[in-house]
1. Applying the selection to segment 205-251, what residues are among the polar types (S, T, N, Q), surrounded by fewer than 17 Cβ atoms within 10 Å (Cβ to Cβ) and more than 18 Å from the chain's Cα centre (by Cα)?
2. Looking at Glu41, Glu83, Glu124, Glu91, can you tell me which residue is of a type in the set (D, E, K, R) and assigned by TED's automatic domain parsing to the domain that holds Leu179?
3. How many of the residues making up segment 40-51 are surrounded by 17 or more Cβ atoms within 10 Å (Cβ to Cβ) and more than 10 Å from Val66 (Cβ to Cβ)?
4. Which of the residues belonging to segment 61-70 are surrounded by fewer than 24 Cβ atoms within 10 Å (Cβ to Cβ) and among the hydrophobic types (A, V, I, L, M, F, W, C)?
5. Assuming Lys139 fulfils every condition listed in (1) in contact (Cβ under 8 Å) with a residue 60 or more places away in the chain; (2) more than 26 Å from Asp178 (Cα to Cα); (3) assigned by TED's automatic domain parsing to the domain that holds Thr52 apart from one, which condition is it?
6. Can you spot a residue in segment 106-121 that is hydroxyl-bearing (Ser, Thr, Tyr) and assigned by TED's automatic domain parsing to the domain that holds Lys12?
7. What pairs can you find where one residue is in segment 143-164 and touching a residue at least 12 places away in the same chain (Cβ under 8 Å) and among the charged types (D, E, K, R), the other is assigned to a strand (DSSP E or B) and surrounded by fewer than 24 Cβ atoms within 10 Å (Cβ to Cβ), and their Cβ atoms are less than 8 Å apart, with a gap of 6+ or different chains?
8. What residue, among those in segment 172-204 that are surrounded by fewer than 16 Cβ atoms within 10 Å (Cβ to Cβ) and among the polar types (S, T, N, Q), is modelled with the highest pLDDT?
Amino acid sequence: MKVLLIIKDKNKEALEVSLRIKENLKEFGIDYFEYFLSSEEDKFSGYDLAITLGGDGTIIRACKMVKVPILGINVGGRGILAEIKPKDFSEALKRIVKGEFFVEKRMMLEVDVKGKIYPPVLNEVLFIKAEPLYTPLFKVTLPLGDEISSKMDGLMVSTPTGSTGHSYSLGGPIAQEDLELFIVNFIAPLNRLPPLILPPNPITLSSTHPSFLVLDGQNYEKLESEERVKVKKSNSYAEFLRLDKKSLRQIRKLGF
């Protein structure tokens, strides 16, 4: 087994935990490569497993870097996406070596603006006005040409994984994580619009004024008025190494 160890950069706790993790890996004769996550995201191949040391943000970034199962070790906040805490790694590694685990796949989004394809999105696509002094007309165009439009501050398209994040804060529903669907939230519309649950067919977003496109809360770009943002289900899936089968895993992490 070959492991990519992804460590949140400039995080003292993550660095300290990594020392114990590396000792455990050495005990089992497992080869590993240590990577400190900075502002850039490299692509990696040739590994069997990625282990992240950080919070959910570290895991989200890892999903863009590797196409192998990710074991999230929570060194940070709630750790909604993480599987274990640092103290549990030694026992978890014994089970992994024995093959006592399964891989959970999560749907991601593909975003296309004028032919530019962005890295896969795990949680949500935020399309929000760039200036506070006006209220643009935002529009969602569905596959058969039907349109939903209103003056508002912005739109958010979330995956089931993202349903416990910003989407939930906007009043959106929580979806079971292994479903494949879009959750569309309308941000401060002049005419009240409830959140929509849609099948994962391609949709297009647009605005009459310049707006920011924000992907997973980590990358953003300013778009001009009437630029079309095409959102569809990605062909890539996020893969997480899980030790135990649990339903509604993320809801339980929120304390429900």
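1. Answer for segment 205-251, where residues must be among the polar types (S, T, N, Q), surrounded by fewer than 17 Cβ atoms within 10 Å (Cβ to Cβ) and more than 18 Å from the chain's Cα centre (by Cα): Thr208, Ser225, Ser247.
2. The unique qualifying residue is Glu124.
3. 1
4. If we filter segment 61-70 for residues that are surrounded by fewer than 24 Cβ atoms within 10 Å (Cβ to Cβ), which is where we start, we get 61, 64-69.
Scanning segment 61-70 gives Met65, Val66, Val68.
5. Lys139 satisfies all of (1) in contact (Cβ under 8 Å) with a residue 60 or more places away in the chain; (2) more than 26 Å from Asp178 (Cα to Cα); (3) assigned by TED's automatic domain parsing to the domain that holds Thr52 except (3).
6. Narrowing segment 106-121 to residues hydroxyl-bearing (Ser, Thr, Tyr): 118.
Keeping just the survivors that are assigned by TED's automatic domain parsing to the domain that holds Lys12 gives none.
No, segment 106-121 contains no residue that is hydroxyl-bearing (Ser, Thr, Tyr) and assigned by TED's automatic domain parsing to the domain that holds Lys12.
7. What qualifies is Lys151/Leu137; Asp153/Ile128; Asp153/Lys129; Asp153/Ile187.
8. For segment 172-204, the residue satisfying everything is Asn201.
The values are calculated or read from the model by the stated rules, or taken from the named source; none is laboratory data. What you see is a predicted model, and the numbers here were worked out from it, not measured in a lab. We place every Cβ from the backbone using ideal geometry, glycine too, and count neighbours over all the protein chains shown.
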